[in-house]
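To start, the structure itself, in structure tokens.
Throughout, read-outs are computed from the coordinates displayed, never taken from laboratory work. Note that the structure is predicted; figures quoted are calculated from it, not measured. Cβ: placed from backbone, ideal geometry, glycine included. Neighbour counts: every protein chain shown.
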Amino acid sequence: MSARWPERPATPTARALSQTYKGVLKVSLLLVATYVVAQALSGFLPAAGYRDLLGLSNRTAVWIVAELHLMFAAFVLGVPIFALITEVVGVATKDRRYDDLAREFTKLLAMAYTLTAVLGCTLLVLFVVLYPKFTAYMHGLFKPTWALYLTLIFAEVIFAYLYWYTWDHLQGARKRWHIALGVMVNLWGTALLFIADAWVTFMMSPAGIDEAGNLTSLWAAVANLTWMPINIHRLLANVAFGGAIAAAYAAFRFLAARDDAERARFDWMGYVGSFIAIGAFIPLPFAGYWLGREIYQFSEQMGVSMMGGGFSWLWILQAMLIGSLFFAANVYLWLGMGRIPGAERYTKFQVPMMLILTLGFLVWATPRSIIATGSEMVAMGGSHHPFLGLFGVMAAKNTAVNVMILTTFFSFMLYRRGNRVAVVPWAAAGKAVQALAIAAAAVVVVGYGVYSYYVPSIVRIGYSVYQVTAVLAAMVVFVAIDIPLLKGAREIGPIAWGRIPARAQYALVFLAVTFTWLMGLMGYIRSGIRQHWHVYGRVADESANAYTMTHGDATLIVSGIVVAFFLLVAAVFFMAMREERKA
Amino acid sequence: MIRWTFFIALGLWLLVLVGLKLLIAPPIPASVLTLYLVMTTVAIVLFVMANEDRWRAFQAPLRAVFEGRVPRFVQAAVLIALPVLVMGAAYLRLAPTHDAPFEPRVVHPEPPSGFNLKGKRISVSGLKNPLRTDGPELAARIAEGKNIYYRNCFFCHGDSLAGDGHFAGVFRPIPANFRDVGTLSMLQESYVFWRVATGGSGLPKGATPWNSAMPVWQDFLSEDEIWKVVLYIYAGSGSTPRTWEEGTHAGHQ
């Protein structure tokens, strides 16, 4: 892997293979260097269960590098999914812009792959040097998966190189072969993610080992209780993250554009990026809820620590960030409607939508355990407010998030039909059914939300499934009607791409930063709830750092990582722009 | 209408402030009020910014003041009012009060994997109330639990189980309100059993500062008596214990 893709070849197949060969060679050298450095340091340093890194605690060092590696890994896994989706859309719609867009973002991958690989190798060295005993234990348990992981890294590199270098050659009738390459890149990438998730989730919800910690079943260790929820959660999050970073890149390019044509091009790119990001973001809370449920089922202690115990305050931060995401997504769409002739018809919906979003946000961010002075607590009769306390429980929060999702979806649909007028004879009836679907979903969500206060928790958890199902069903019904409804629709006027206020671009940058911050924060909670365990309940962390940090210190580290990530991403953007100018 | 955007936004913000301050009883603690007001402010500003016409109309009076297109006395009033408001806010924030400082505390401290009960090791994970059966004997056990409750717990947790017993007012934190939707219904009986049996001194380090005055009831009650009290407080408060599907609780021991 190199810091930039080399010049594109003139004779396609042979040059593509040649570049791929070079890529494989570079990965091999990097891995060999990692092995040599790790072995040399292990042999040189005195034997110990734990070591610090030049005065920096082993936990902080591994935390920073692991999180940065994970963020770049999410980027290089998310962007190919994003690129493949846009490429397929380009083929389906015969719109060349989608193909160019996919190609533009694939170009960003080169530098990102390099950073991911370097960070991954650094992390491996840190594991071996700073946590030798625990790393040896994990390596012993998961040895076969390591071999598979290495194999998949090579498969990923080979197909990623081929995917890029054959882009121009595999066009027209050969496009399907290029799409097949894209599918393979994503398959190997997803497999890599699933393997890494097996190691991480084993540490949270261990299975497949006996009381002494010896392996009894590798498959049970891999397919532990939290493995699949995290796989799905991360997969969706990666798509959202990839889309958000791509949209931020487009926003950055929009703001730096020198003419209207460039502005129009990057405005459109930003829209597509944000569309995919928000599309993948909408089901994320459902996946997160599933993960939380599995954590509770594995260990009530861990679940209580996470949601009601020491980590519960961080969920207020999470609510603030996700609520802000909903705000930013809607504001971006509404600003975007300013460049769509005819979209002013739907401005009237913005007041009720903002009202619903704000109320949902307020409910979601209401803390269950309130920070209150002595006199405030006396007035409340405890630490729980008799009225606000109703909003502090999951029944209210599930209702709020479902309503916010429904509202954001509605916003999208209005944006989509901004400049179009349905001409089919059944248009009025179709719209009525669509309105009914949304209203019915809202009634189901709010109805079950209120009723769930009166039933046992096991029944209430089941209601959340009905709420999610109602929202998804409404979306499916709406879209199923919308497609034929708008077929052959009269266009009021073309979308004036590029004519959007600059602040809309800042909303896109905000989306990317907030996604990244959320990843860092949620990652800390997921890992932190293990508390003083390496492998929860089985292998204790015996180092001096086996304590839970204060939230202030932890969030400072998370924020520092986010800043470092964006500095590195800015370097990636800068390199991509420099390459473009050279070309 | 749109030309009044600034004044509508300001009016709405003030309306929310007054509503939150006056319409909700008991008063909302300052921490939550601040949270709500920040979010309301952000929502109003974003809404205004999300449409070019609204945004221009919103800025118009501000521009008029700061660009000097209003009578001099209006400009002077605004330029005096702004720092006075900031000063007032700073004073309110910094003025000393005689109130006790707030104590950030967790709602439900995490239960340990196990604890000692009269010299016997009890594992919390998978622990079930042995007295919760389907037969007619359950009513009798609840009645016994009620009797035990009134002899021991009533004084703090109250007749209605709302944490408002005769002694409740002298404790910080005050006793738990079992009628609150966020207490018993959220917890498994094993959790409640642990809390009753080990009391305030059995709380994990992660739960500090707690200062709970809850006695260590295993020193005064038998294991069965504690389980009976647990049965009663669920029945008496109209709550049902949290449960999980059978066979899915693969938790560690």
Taking the square root of 5 times each eigenvalue of the Cα gyration tensor, what semi-axes in Å does the equivalent ellipsoid of segment B:2-67 have, largest first?
27, 11, 10
Rg(Cα) of chain A divided by 2.2 N^0.38 Å?
1.01
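Please check chain A for the longest run free of GluC sites (Glu not before Pro) that are loop-located per DSSP (anything but H, G, I, E, B) and have at most 13 other Cβ atoms within 10 Å.
Working: sites that count: A:7, A:211, A:542.
Of all site-free stretches, the longest is A:212-541.
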Report, in deg cm²/dmol and to the nearest 500, the calculated mean residue ellipticity at 222 nm for the protein assembly as shown, where each DSSP H run with n ≥ 4 adds -39500 (n - 2.57) and the sum is divided by the residue count.
-23000 deg cm²/dmol
Take the alpha carbon atoms of segment B:153-217, find their center, do the same for segment A:33-81, and report the distance between the two centers in whole angstrom.
45
Pull up the cross-link candidates among the lysines for residue B:146, meaning alpha carbon to alpha carbon under 19 Å and not fewer than 8 places away within one chain.
B:228
With +1 assigned to the C-beta of every Lys and Arg and -1 to the C-beta of every Asp and Glu, and no other charges, what is the dipole magnitude of the protein assembly as shown about the Cα centre in debye, to the nearest 20?
2200
With a ≥ b ≥ c the root eigenvalues of the C-alpha gyration tensor of segment B:114-237, is it rounded (a/c under 1.5), prolate (a/b larger than b/c) or oblate?
oblate
Could you state the number of Å between the C-alpha centres of segment A:97-124 and segment A:296-318?
34
Compactness index (Cα Rg / 2.2 N^0.38 Å), chain B
1.52
Peptide A:305-313: average number of partner chain Cβ atoms within 10 Å per residue?
5
Taking every residue in B:38-46, how many Cβ atoms of other protein chains lie within 10 Å of its Cβ, on average?
5
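Rank by packing, highest mean first: peptides A:472-484, A:529-541, with packing defined as the count of other Cβ atoms within 10 Å averaged across residues.
On the way: A:472-484: 15.8, A:529-541: 18.6.
Per-residue mean Cβ counts within 10 Å order the peptides as A:529-541, A:472-484.
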With Cα atoms, 0 to 90° folded angle of helix B:52-66 axis to chain B main axis:
60
Partner chain coverage, peptide A:331-344 - average Cβ within 10 angstrom
2
Could you give the length gained by full extension between residue A:133 and residue A:436, i.e. 0.36 nm per residue of separation minus their alpha carbon distance, to one decimal place?
103.0 nm
If you take the charge dipole of chain B about its Cα centre, with +1 on Lys and Arg Cβ and -1 on Asp and Glu Cβ, which of B:22, B:194, B:109 is farthest toward its positive end?
B:22
Just to check, using Stokes-Einstein with a Kirkwood Rh over alpha carbon pairs, what's the diffusion coefficient of segment A:490-530 at 20 °C and 1.002 mPa s in µm²/s?
162
Name the lysines eligible as straight-distance cross-link partners of residue A:26: C-alpha to C-alpha under 25 Å, and not fewer than 8 places from it in the same chain.
A:107, A:143, A:582
For segment A:276-292, just list the computed ³J(HN,Hα) in residue order, Karplus coefficients 6.51, -1.76 and 1.60, θ = phi - 60°, integers in Hz, with x standing in for Gly and Pro.
5, 4, 6, x, 7, 6, 4, x, 4, x, 5, 5, x, 5, 4, 4, x
Whichever lysines have a C-alpha closer than 24 Å to that of residue A:431, once near sequence neighbours (fewer than 8 apart) are set aside
A:348, A:487
About its Cα centre, segment B:1-123 carries a charge dipole, from +1 on Lys and Arg Cβ atoms and -1 on Asp and Glu Cβ atoms, whose size in debye to the nearest 20 is 180
Where the centre of each part is set by its Cα atoms, how far does segment A:205-253 sit from segment A:421-446, in angstrom?
37
If you place +1 on the Cβ of every Lys and Arg and -1 on the Cβ of every Asp and Glu, how big does the dipole about the Cα centre of segment B:2-67 come out, in debye to the nearest 20?
80
